[in-house]
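Structure first, commentary second.
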Amino acid sequence: MEYVLQTHDLSKRYKGRLVLDKVNITIHKGDIYGFIGENGSGKTTLIRLITGLISANGGDFALFETPNTSPAISQARKRVGAIVETPSIYLNMSALENLKMQSLLLGCTNQERIKEVLADVGLSELYNEPKKAGNFSLGMRQRLGIAMALLGSPDFIILDEPMNGLDPAGIVEIRELILKLNREQNITFLISSHILTELSLLANTYGIISKGKILKEISAEDLKKECQKWAVIEVDDKQKLFQILREEIPVESLAPAANGVKIYGNISLNAVLNKVIQAGIEILSVNCYSSSIEDYYLSIVGGHHA
């Protein structure tokens, strides 16, 4: 499978402090990779390394299978658009002036491309709008920043905390924009955030980082399994309960509990309990649980912070 970014034992020190500790992540073409971590966990440092703003103290990485030690890495980076921390917008310029400035920096003189990217981010009305970016809403500035990142027709876009400070409507706009660009233009995304519930509506793969270490990489499908609802039924005859449930429920939805069984997924609990009662098994207790992406994250990083 083609990968866009692969890091190997990537490390970085600041003033003797290890802020990235042998980080290994893999992002495949077409992914929306959710990079989860608390403030100061190393997310922005990794992004700065990838985009060439700083250099590593150890390890290496490859962009589009081009090693960072290769002279060709500068060409590979031209396929990357990035917003690191905040969009690099001149607040005293209009949207058009900002995009023209960015075009000059990229060596792109095609004015039609400016119209295209404004349309891509839903800001076509700003093409002839003299209003300065300093008077835009935060959501409009974020979309303008993404338009600037799109100017070079990137295959990979890196967004550092793109939902930070946005109101609910602005968050929805940015989410829908990312999904649209991923779906229609097959752009791969790396999105760093600590807003886990929002990432869960976007990402198909997650990397969890804490104190400079990658603690877990997990697919959205596997994360969904970890965060699903479950029930625990305790009875007087655990063995008989298992026999009955195996006939009614897929094996992967069952797991042993202390005095009974855990049942995962969207199983009709009423139907299960009726079967148990009909079999003459005494039910001692029934408890229902659910976990969120935040619960899962805390269960992963808990030991790391201890």
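Across the chain, the longest run free of exposed loop sites, meaning GluC sites (Glu not before Pro) lying outside DSSP classes H, G, I, E and B with no more than 16 other Cβ atoms within 10 Å, spans 86-281. Extension gain, Gln75 to Arg13: 0.36 nm times the residue separation minus the Cα-Cα distance gives 19.7 nm.
Kirkwood hydrodynamic radius of the stretch 1-142, from the reciprocal of the average inverse Cα-Cα distance over all distinct pairs: 17.3 Å. So for the chain, Kirkwood radius off the Cα pairs, Stokes-Einstein at 25 °C and 0.890 mPa s: how many µm² s⁻¹? It comes out at roughly 112 µm²/s.
Of all aspartates and glutamates in the structure, those lying under 15 Å Cα to Cα from Lys115, and not within fewer than 8 positions of it along the same chain, are Glu97, Glu125, Glu129.
Multiplying the residue separation of Leu104 and Asn128 by 0.36 nm and removing their Cα-Cα distance gives an extension gain of 6.8 nm. Size descriptors for the stretch 123-178: radius of gyration and Dmax over Cα atoms are 11.7, 31 Å.
Looking at the stretch 15-94, the chymotrypsin sites (Phe, Trp or Tyr not before Pro) that sit in a DSSP loop and have at most 16 other Cβ atoms within 10 Å of their own Cβ are Tyr90. Between the amide H of His28 and those of Val4, distances stay under 5 Å, these residues lying 5 or more places away or on another chain, with hydrogens modeled in the peptide plane. In the chain, the portion of solvent-accessible area held by carbon and sulfur atoms comes to 48 percent [1.4 Å probe, whole percent, DNA, RNA and ligands not counted]. Net charge in the neighbourhood of Asp160 (other residues with Cβ under 15 Å of its Cβ; Lys, Arg +1, Asp, Glu -1) is -1. What do you get for Rg/Rh over the stretch 238-306 if you use C-alpha atoms and the Kirkwood form of Rh? Answer for the stretch 238-306: 1.09.
Full extension of the chain between Ile300 and Ala255 yields a length gain of 14.1 nm, computed as 0.36 nm times the residue separation minus the alpha carbon distance. Here the stretch 149-306 is treated as an ellipsoid with the same Cα gyration tensor; its semi-axes, largest first and in whole Å, are 42, 17, 13. In the chain, the longest principal axis of the Cα atoms and the axis of helix 138-150 are about 70 degrees apart.
For the stretch 203-264, the dipole from Cβ point charges (+1 on Lys and Arg, -1 on Asp and Glu) about the Cα centre works out to 360 debye, to the nearest 20. For trypsin sites (Lys or Arg not before Pro), the sites in the stretch 109-196 that DSSP calls loop and that have at most 16 other Cβ atoms within 10 Å are Lys131. Think of the stretch 180-274 as a dipole: +1 on every Lys or Arg Cβ, -1 on every Asp or Glu Cβ, centred on the Cα centre; then among Val232, Gln243, Leu199, Leu199 lies furthest on the positive end. Modelled this way, with points 7 Å down the Cα-to-C-beta line, the labels at His28 and Leu273 are 4.2 nm from one another.
If both residues of a DSSP beta bridge must be in the chain, then about 65% of such bridges are antiparallel.
The values are calculated or read from the model by the stated rules, or taken from the named source; none is laboratory data. Note that the structure is predicted; figures quoted are calculated from it, not measured. Here the Cβ is made from the backbone with ideal geometry for all residues, glycine too, and neighbour counts use every protein chain on show. Quick note on the areas: whole protein, heavy atoms, side chains included, nothing else; ligands and nucleic acids left out. Shrake-Rupley method; radii C 1.70, N 1.55, O 1.52, S 1.80 Å.
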